[in-house]
Structures are given as C-alpha cells and as structure tokens.
Amino acid sequence: MFRLRFCLLVLLLVPLTALAERVVRWDFRNPADVIQWNATVTSAVSSTADGLLIRPVGRTVTVFHKGEFPHRIDSMRFTMAAPRGAQGLFLWHIPGTAENEVIQLPFVIQPSVTPMQQMLPLEQIHNWDPRADVIGFAFDAGTEVLLIDVQGMHWSFDERLIEAWKSFWTFDVFTRYSVNFLWGPVLTFTPSARAMLFTQLPPFGWSFNRVLLPFLVVIVAATIVWARVRRSPRETSRAALIAIGCITGAWLLFDVRMGMELLSYAKRDFTTFVMRPLGQRELRYMEDFHDVLDISVTLVDGKKRIGFVSDPRYLLDSAAAYAFYPALVTKTDADQSGIDTWLVYRQPLARVTPSGQLMLDAQPLSPAGGRITQHFGPASFLFTTAP
C-alpha cells in the first residue's frame, strides 16, 4: 500500500517538474531570424549588427511575421531602443478573419539609447488570440527604433496555477483610493501579468472572489445534498462541521492575506520614510514631498504668503497649507501680488526666464529679478524675488 501511494505521488508531481516555460524567439542580430520577418516599406528597415533598425519616413512602417507558432502565446517580450522615445502598435491577425482585419495594441517606448525590455501580458487583452497567424509592429513616420529581439512565451497549466498562488500574495501599495477601498487579492496566471499587477487600474486579472464565492456555494450545496441523501443526524452533523471548517479556513486565509497587505503598507512607510534621513525620505504616493516641505519651512520662516506651484493631479495643496501655517499658501489661479517666494513641486511647465521671472507655461507668476534658492529635484525648487 505504501509503495502504491508513493508511486501515485510521484506521478502527480511529474507534471510540475517536466513542464516549463516555452519560448519562441527571433533575434534580429541573426540574419536567419531577420529573413522570417517582412516590412511594408523595405527602404525604411535595415538589418544591422545590433538589430533591425526602423526609420519610417513619410508614412507608417509595419514589420511583421506570418506563420504558425509552435505553441500558444500567453505573453510577448521584446527588446527595443529608441533614442527619442516612440509610440508603437503591436499588431496581430486572428485566423479565419479577413486579411485586412488586424487588431492593434498601442504601447510606449521610453527614450533610451540602451536596449530596454518590455512585456505585453497578452492573455489579459480581450481580443488576443493565442492562435494568431500574424504578429507585427507598426511605427509612425519620424520615429527611430532599434528592434533587437522578440519572444513569445507560453506557460504550462501547472506553472499558471503557481503564478495564481503567487499573485494571491502580491500586494498593492497604499495610494489615494486606499482610504476608501482595497482591491484585495487579484489572480493572474503568468509572470508578466503578475509583474504588472496594480500598475494600471482596474488591475488586470481575476478577483479572488471569482474563486472563493463559487467554492463556498459548492460547499453549502454539497452539505445540503449530503444531509438529504444520508438522512442521518450524525452524518448531517459531520457534513455541517466539514462545511463550517472549510468556510472558516477560507475566511482565515482571506483575512491573513489582507492583514499582511496592511502590514506591508506599514513596513514600506517604516523603511522609506521613518528610517531614512531628511533629504532621502519618501512617503507613499507623495514620494519626497514631505521632505521638500520640511526643508522649505525652515527656509521661508516668517513669510506671510507663499505661492505654491504643482501639478493639479497631485492634490498637494492641503498638505502644503498645513505645513506652512500660519503663512497663507496661494495657488496659481489666485492673485499673486504681494508674494515674493514660491515653492514649485514637480511642475514641468514652470520655468525661470533669463531675466529672473517665474513663469507657468505662458502665465507670469512673479516680477523679474528673482532666483532659485534651493533645488529639490526634477521641476522642483524654491524661488524668491526677495533681496
């Protein structure tokens, strides 16, 4: 009996060790891979030792591969470099549809002269078909992109279950909406989807409730059916205890997971804010704003009014007003007369002219003759016209 159980256990574990991630890859530094792809404008595409250089002139250029893949494609990973950055389209064609019916998925390449990898968790895209017979990329005129390699990845059923379990324990970070609600556990089934979890809203994936609630319904229904079939008080009590145990276990699992997420918020605050010295602290979605405020307060002591310039999306006006009190914090849409000091925080439209005038795009905020007294980082500084 022991030998039989051992053999069954080995057979159950074989798929976990035998199946692994499968990848189909095209390396555009290899001429044998380059010839498998075509371009709508061949003069705009050239094969180099570093990859496929794409320079559309006057019209959009599409590079594409046509043919069947050796396996299903769950995610795409590609390596590109674009010195000026670029916007592109990932394209695919679904077998059986008209040849000119191509589905497009936009993506952005950040400016970089060094190669950067990007992931597209295609299984999260509603229109993606893992049996696609054409894939490609389209770039508008004026862009310059070096395409280095493209990889299509597939994960086995066992690996997808493991990823779902890992994503259950993947936590969101504290942000503005955390005051009102939490997303809770969200299940994804590939490493690329898990890496992008909570980076866009709503998060791509299955809410854990899609698994939990049907499980609870099945447990309750099975208990009722068992009680009616057996018609024994003892068996009914036993089934009820099993059902209560399953429900309690599910509740405890959910509660532990959510409790750990709340603890992760506190841990992150402790490591990024409490334990760091002034000038290196970051707090949640406000990042280094509290550091900027603490430093600025010591530099503007005694001022009655202070101008505050920031991106309205950050909603930082109240925090600034609290920190500078009793000084009155004035926003850019109010009268700026009588103000000689402004705090600018992450507002790229703010600039100082050669004559020393603070401008917000085309709107003058200060008279000429001012200067920056403290730099805090990108588009963040303290400006004054006081002598």
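The values are calculated or read from the model by the stated rules, or taken from the named source; none is laboratory data. What you see is a predicted model, and the numbers here were worked out from it, not measured in a lab. Cβ sites come from the backbone with ideal geometry, for glycine too, and all protein chains shown count toward neighbours.
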Single residue of the stretch 273-294 satisfying the filter (in a helix (DSSP H, G or I) and buried (at least 16 other Cβ atoms within 10 Å of the Cβ)) that is modelled with the lowest pLDDT: M286
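Would you please name the residue that is nearest to the chain's Cα centre (by Cα), looking only at residues in the stretch 179-205 that are part of a loop (DSSP other than H, G, I, E, B) and among the aliphatic types (A, V, I, L, M)? I'd like the intermediate steps shown before the answer.
Of the residues in the stretch 179-205, the ones part of a loop (DSSP other than H, G, I, E, B) are 180-185, 188-190, 196-205.
Among the residues that remain, those that are also among the aliphatic types (A, V, I, L, M) are: 182, 196-197, 201.
Working: L182: 17, M196: 4, L197: 6, L201: 9 Å.
Taking the candidates together, the pick is M196.
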Would you confirm whether or not the stretch 297-318 contains a residue that is under 24 Å from P277 (Cα atoms), of a type in the set (A, V, I, L, M, F, W, C) and under 30 Å from the mean Cα position of the chain (by Cα)? yes
Filter result for R346 (of a type outside the set (A, V, I, L, M), over 18 Å from P387 (Cα atoms) and surrounded by 12 or more Cβ atoms within 10 Å (Cβ to Cβ)): yes
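Every residue, every condition in (1) free of Cβ contacts under 8 Å to residues at least 24 places away in the same chain; (2) under 12 Å from F381 (Cα atoms); (3) in contact with a Pro (Cβ under 6 Å, 6 or more places away or on another chain), yes or no:
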site	(1), (2), (3)
G338	no, no, no
W342	no, yes, no
D361	yes, no, no
L365	no, no, no
When you scan the stretch 63-79, do you find a residue that is surrounded by fewer than 16 Cβ atoms within 10 Å (Cβ to Cβ) and among the polar types (S, T, N, Q), even just one? no
What residue, of T248, T298, is assigned to a helix (DSSP H, G or I) and either in contact with an Asp or Glu (Cβ under 6 Å, 6 or more places away or on another chain) or farther than 30 Å from P364 by Cα (or both)? T248
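Conditions (1) free of Cβ contacts under 8 Å to residues at least 24 places away in the same chain; (2) in the same structural domain as F28 (by TED's automatic domain parsing), marked per residue:
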site: D133; (1), (2): no, yes
site: E163; (1), (2): no, no
site: D172; (1), (2): no, no
site: F181; (1), (2): yes, no
site: A193; (1), (2): no, no
site: Q200; (1), (2): yes, no
site: L213; (1), (2): yes, no
site: V229; (1), (2): yes, no
Could you look through the stretch 120-156, keep only residues that are among the aromatic types (F, W, Y) and in a strand (DSSP E or B), and pick out the one that is farthest from G67 (Cα to Cα)? F139
How many of the residues in the stretch 148-207 are over 27 Å from D27 (Cα atoms) and among the acidic types (D, E)? 3
Does R29 satisfy the condition of being at pLDDT 90 or above and surrounded by 13 or more Cβ atoms within 10 Å (Cβ to Cβ)? yes
